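*Asks:* My questions will all concern the structure given below.
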Amino acid sequence: MINIQQIEEQHTSGVYAKRDLVLTHGHGALLYDQDGNEYIDCVGGQGTANLGHTHPKVSAAIAEQAATLNICPEIFYNEQRARYMERLTGLFPEMTRAFLCNSGTEANEAAIKFARAATHRTGIIAAMRGFHGRTFGSLSATWNKHYRGPFEPLVPGFSHVPYNDLAKLDAAVDESTAAVLLEVVQGEGGVNPGSTEFLQGAQQICHERGALLIIDEVQTGFGRTGKYFAFMHHGLQPDIVSLGKSIAGGIPMGAVVLNDQIGRLNPGMHGSTFGGNPIACAAALATLDVLEEEQLPERAAEMGKFLLSELEQIESPLIREVRGLGLMMGIEIKKKVAPYLAALTERGILALPAGMTVIRLLPPLVITYEQADKVLEALNEVLVE
Ligand code: PLP
């Protein structure tokens with residue numbers, strides 16, 4: 001047998017901190033390694049696996065489309081794309097247009113460009129601890145120095161205010177501000193839920209001063225937090241919403257949905273060769289079918305409530321705070337999380353860090369109560385004993 005780890009180690013760019021596991025296949029909330037070990041997946045493909053792994057409806061849609069038409073640049077029309085754009089924009093009140101791309105960072109890149117073009121202004125205000133991607137525009141909105149430092153100078157015109165601090169945001173937005181770009185729950189930054197007061201206040205400030213509100217739903221979208229989109233918890237009406245990760249059931253895709261108040265954009269000013277390709281659109285259509293048929297946003301709300309209340313009951317001097325929304329959960333501990341993630345892996349649970357001290361759980365929304373109990377049992381063992 002070939003040594004997969006050795007080959008990857010030899011040829012990888014080096015930008016990933018690798019875990020000592022070779023994964024071979026997965027179904028639902030379960031993943032398997034090459035030695036046949038089973039894991040409950042609370043990494044969830046870093047938030048891409050809301051439907052679980054290899055959902056049969058998504059797999060069938062991909063296979064059928066792959067045998068029909070793979071590529072169809074947006075200069076031509078295509079049925080899958082037409083049907084998807086209609087379905088996607090139908091999920092948002094007063095938003096009828098979308099730009100389709102291939103990842104979350106591309107979605108934010110487009111959102112930032114469109115906001116500048118629509119307002120003829122340059123300023124973008126984002127939040128401290130926010131994460132929006134790693135290409136130059138979205139990296140400029142991302143806060144963490146660790147991601148930004150090696151690539152400076154970044155794009156001019158970006159600034160950051162403390163998250164959930166309305167007074168600081170109020171002081172920062174002026175007539176040069178094109179947009180305020182925010183997550184509803186900061187994911188990479190530590191699973192920090194935004195308050196209704198802050199998010200609605202941000203929207204009002206934007207409206208008053210002619211700036212746009214961009215909500216980044218790349219990690220929180222498609223049922224993750226217990227509603228289709230997390231901004232719906234707070235009664236917001238964003239101008240632009242950026243999407244990615246689980247949008248197409250695990251197939252790479254991103255999208256930006258635009259409020260009707262934003263004028264039509266001009267041909268050629270932006271684009272993407274693979275954006276809106278028929279395979280991604282077919283997978284994304286099947287994803288919406290499954291979300292609806294299996295009532296996954298509702299399931300995430302119910303299961304998230306259960307898990308959060310159980311996590312709050314774990315009595316451990318290690319735990320500083322437990323927080324989250326739906327099935328996006330963070331356990332902040334008083335130590336670095338790496339050894340605790342390793343200990344969870346040994347017990348068959350895969351989890352993510354968010355920063356140095358937060359254990360982040362992003363399980364597929366199809367996780368069962370039995371699987372959730374196993375996750376809780378392992379967390380109890382690792383954090384208490
Ligand atoms: N925005 C948010 C909120 C994210 O969590 C991420 C990725 O973690 C991104 C954007 C970037 O997405 P991608 O890695 O698909 O470029």
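The values are calculated or read from the model by the stated rules, or taken from the named source; none is laboratory data. Note that the structure is predicted; figures quoted are calculated from it, not measured. In this analysis, Cβ positions are derived from the backbone assuming ideal geometry, glycine residues included, and neighbour counts consider all displayed protein chains. Side chains are part of the model used for accessible areas, which takes the heavy atoms of the whole protein and leaves out ligands, DNA and RNA. Shrake-Rupley method; radii C 1.70, N 1.55, O 1.52, S 1.80 Å.
Each row is one residue, and each column tells you yes or no for (1) in a strand (DSSP E or B); (2) of a type in the set (G, A, S); (3) at pLDDT 95 or above.
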| site | (1), (2), (3) |
| --- | --- |
| P297 | no, no, yes |
| A300 | no, yes, yes |
| E332 | yes, no, yes |
| L341 | no, no, yes |
| L344 | no, no, yes |
| G355 | no, yes, no |
| P363 | no, no, yes |
| E377 | no, no, yes |
| N380 | no, no, yes |
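*Asks:* What pairs can you find where one residue is in segment 367-385 and under 26 Å from T54 (Cβ atoms), the other is aromatic (F, W, Y) and modelled with pLDDT of 95 or more, and their Cβ atoms are less than 8 Å apart, with a gap of 6+ or different chains?
*Replies:* Between residues of segment 367-385 that are under 26 Å from T54 (Cβ atoms) and residues that are aromatic (F, W, Y) and modelled with pLDDT of 95 or more, the close pairs are Y369/F306; A372/F306.
*Asks:* Which of the strands (runs of 3 or more DSSP E) contained wholly in segment 4-119 include at least 2 residues that are under 30 Å from P156 (Cβ atoms)?
*Replies:* Values: elements: 23-27, 30-33, 38-41, 95-101.
Counting at least 2 such residues, we get 95-101.
*Asks:* For Q295, indicate whether it is over 15 Å from N102 (Cβ atoms), open to solvent by 60 Å² or more (accessible area, probe 1.4 Å) and either among the aromatic types (F, W, Y) or free of Cβ contacts under 8 Å to residues at least 12 places away in the same chain (or both). If you could, list the steps in order and put the result at the bottom.
*Replies:* Details: over 15 Å from N102 (Cβ atoms): yes; open to solvent by 60 Å² or more (accessible area, probe 1.4 Å): yes; either among the aromatic types (F, W, Y) or free of Cβ contacts under 8 Å to residues at least 12 places away in the same chain (or both): yes.
Criteria met by Q295.
*Asks:* Being crowded, with 17+ Cβ neighbours inside 10 Å and either at pLDDT 95 or above or touching a Pro at 6+ places or on another chain (Cβ under 7 Å) (or both) narrows it down to one residue among G52, G14; which is it? Don't jump to the end; show me each part of the working.
*Replies:* Details: G14 fails: crowded, with 17+ Cβ neighbours inside 10 Å.
Result: G52 is the single residue among G52, G14 that is crowded, with 17+ Cβ neighbours inside 10 Å and either at pLDDT 95 or above or touching a Pro at 6+ places or on another chain (Cβ under 7 Å) (or both).
*Asks:* Being touching a Lys or Arg at 6+ places or on another chain (Cβ under 8 Å) and buried (at least 19 other Cβ atoms within 10 Å of the Cβ) is true for just one of A202, A286. Which residue is that? Before you say what the answer is, go through the steps one by one.
*Replies:* Values: A202 fails: touching a Lys or Arg at 6+ places or on another chain (Cβ under 8 Å).
One residue alone meets the criteria, A286.
*Asks:* With respect to A282, is the statement that it is in a helix (DSSP H, G or I) and touching a Ser or Thr at 6+ places or on another chain (Cβ under 9 Å) true?
*Replies:* yes
*Asks:* Now a separate question. Checking H160 against (1) crowded, with 16+ Cβ neighbours inside 10 Å; (2) over 18 Å from the mean Cα position of the chain (by Cα); (3) within 22 Å of M269 (Cβ to Cβ); (4) within 16 Å of the ligand (Cβ to nearest atom): exactly one of these is not met. Which one?
*Replies:* Condition (3) is where H160 drops out.
*Asks:* Report, by residue number, each residue of segment 141-195 that is of a type in the set (A, V, I, L, M, F, W, C), out of contact with any Pro (no Cβ under 9 Å at 6 or more places or on another chain), on the phi < 0 side of the Ramachandran plot and not in a strand (DSSP E or B).
*Replies:* Listed by number, the residues that qualify are A141, W143, F151, L154, V155, L166, A167, A171, A172, V173.
*Asks:* Within segment 86-112, how many residues are away from the ligand (no atom under 16 Å from the Cβ), touching a residue at least 60 places away in the same chain (Cβ under 8 Å) and open to solvent by 40 Å² or more (accessible area, probe 1.4 Å)?
*Replies:* Looking only at segment 86-112, we keep the residues that are away from the ligand (no atom under 16 Å from the Cβ), and these are 86-98.
Still in the list and also touching a residue at least 60 places away in the same chain (Cβ under 8 Å): 87-89, 91-98.
Now drop any that are not open to solvent by 40 Å² or more (accessible area, probe 1.4 Å), which leaves 87, 91, 93-94, 96-97.
Final tally of qualifying residues: 6.
*Asks:* Of the conditions (1) within 12 Å of the ligand (Cβ to nearest atom); (2) over 16 Å from F92 (Cα atoms), S272 fails just one. Which one is it?
*Replies:* Status for S272: all satisfied but (1).
*Asks:* Filtering segment 234-254 down to residues that are open to solvent by 10 Å² or more (accessible area, probe 1.4 Å) and not in a loop (DSSP other than H, G, I, E, B), which residue is farthest from the ligand (Cβ to nearest atom)?
*Replies:* H234
*Asks:* Right, here's the next one. Looking only at segment 360-381, decide whether some residue is under 30 Å from K145 (Cα atoms) and open to solvent by 20 Å² or more (accessible area, probe 1.4 Å).
*Replies:* No - not one qualifying residue is present in segment 360-381.
Each row is one residue, and each column tells you yes or no for (1) part of a strand (DSSP E or B); (2) touching an Asp or Glu at 6+ places or on another chain (Cβ under 6 Å); (3) open to solvent by less than 10 Å² (accessible area, probe 1.4 Å).
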site: R224; (1), (2), (3): no, no, yes
site: M232; (1), (2), (3): no, no, no
site: V256; (1), (2), (3): yes, no, yes
site: G271; (1), (2), (3): no, no, no
site: E315; (1), (2), (3): no, no, no
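*Asks:* Among the numbered criteria (1) surrounded by 12 or more Cβ atoms within 10 Å (Cβ to Cβ); (2) in contact (Cβ under 8 Å) with a residue 60 or more places away in the chain; (3) over 22 Å from G187 (Cβ atoms), which one does G44 miss?
*Replies:* (3)
*Asks:* What number goes with the only condition from (1) out of contact with any strand residue (DSSP E or B) (no Cβ under 7 Å at 6 or more places or on another chain); (2) surrounded by fewer than 23 Cβ atoms within 10 Å (Cβ to Cβ) that E332 does not pass?
*Replies:* (1)
*Asks:* Of all residues being away from the ligand (no atom under 14 Å from the Cβ) and of a type in the set (D, E, K, R) in segment 116-147, which is surrounded by the fewest Cβ atoms within 10 Å (Cβ to Cβ)? Just the residue, please.
*Replies:* Restricting to residues being away from the ligand (no atom under 14 Å from the Cβ) and of a type in the set (D, E, K, R), the top hit is K145.
*Asks:* Let me ask you something else. Mind checking which residues of segment 186-199 are within 12 Å of the ligand (Cβ to nearest atom), of a type outside the set (G, A, S) and open to solvent by less than 20 Å² (accessible area, probe 1.4 Å)?
*Replies:* Those that are within 12 Å of the ligand (Cβ to nearest atom), of a type outside the set (G, A, S) and open to solvent by less than 20 Å² (accessible area, probe 1.4 Å): Q186, V191.
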